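Accompanying notes for the structure given below.
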Amino acid sequence: MSVGVLIITHSGIGAAIYGTASFMIKESPLDIKLLSASRESDADELLESAILLIKELDTGDGVLVLTDLYGSTPSNIAYRLHDYAEVGIVTGLNLSMLIRVMNYPQLNLADLTEKAFSGGMDGVTIDRGNNNQ
């Protein structure tokens, strides 16, 4: 068994990031599913879809839920999933975060959640050019 991963994002963001990560990490044993929220999406219908997906993903080790923007519809849906399964939630999805997650499939939910967070943070840098003083 391993942790499942549910990516909930605004229109197409999750698919684009996951597609790129899958190209870079050819094989990952993690079961990863996507849920996309458009402007026309109904929040209750999204929640129902998310509940079905986490039930598919949770094989006993919990589900890591990654969303693109804290406080947005995908994030709000994710936080409601605590009532239905053991979930870890990280917002601010970026490519670095997902690649880090896919490279550590053996971790438990708590550790994978932390790894996702650190991967996302480590992928954000400031390049000050030659004026690094």
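Just so it is clear, none of the values below were taken in a lab; they were calculated from the coordinates. What you see is a predicted model; the values in this text were computed from it and never measured. Neighbour counts are summed over all protein chains in view; Cβ atoms, including those assigned to glycine, are modelled from backbone coordinates with ideal geometry.
Brief remarks on what is shown
- The residues listed here are Tyr84, Tyr79; of these, the one that is among the aromatic types (Phe, Trp, Tyr), surrounded by 13 or more Cβ atoms within 10 Å (Cβ to Cβ) and more than 21 Å from Lys115 (Cβ to Cβ) is Tyr84.
- Ala15 meets the conditions (1) without any contact (Cβ under 8 Å) to a residue 60 or more places away in the chain; (2) out of contact with any Pro (no Cβ under 7 Å at 6 or more places or on another chain); (3) closer than 25 Å to Asp83 by Cα in every case but one. The failed one is (3).
- Per-region count, the range 21-49, residues closer than 19 Å to Val87 by Cα and not in a helix (DSSP H, G or I): 8
- The criterion of at least 1 residues that are of a type in the set (S, T, N, Q) and over 20 Å from Thr20 (Cα atoms) is met by the following helices (runs of 4 or more DSSP H) wholly inside the range 50-133: 73-80, 109-122.
- Residue pairs meeting the criteria (Cβ under 9 Å; at least 6 apart or on separate chains; first on the phi > 0 side of the Ramachandran plot, in the range 92-108; second not polar (S, T, N, Q)): Gly92/Leu66; Gly92/Asp68; Gly92/Leu69; Gly92/Tyr70; Gly92/Phe117; Gly92/Gly120; Gly92/Met121; Gly92/Val124
- Residue check for Ile8: under 21 Å from Ala110 (Cβ atoms) and crowded, with 16+ Cβ neighbours inside 10 Å: yes
- Test for Leu52: is it of a type in the set (A, V, I, L, M), without any contact (Cβ under 8 Å) to a residue 60 or more places away in the chain and surrounded by fewer than 21 Cβ atoms within 10 Å (Cβ to Cβ): yes
- Val65 meets each of the listed conditions (1) of a type in the set (Val, Ile, Thr); (2) in contact with a Leu (Cβ under 7 Å, 6 or more places away or on another chain); (3) over 17 Å from Gly14 (Cα atoms) apart from (3).
- Of everything in the range 29-53 that is among the aliphatic types (A, V, I, L, M) and closer than 11 Å to Val3 by Cβ, the residue that is nearest to the chain's Cα centre (by Cα) is Ile32.
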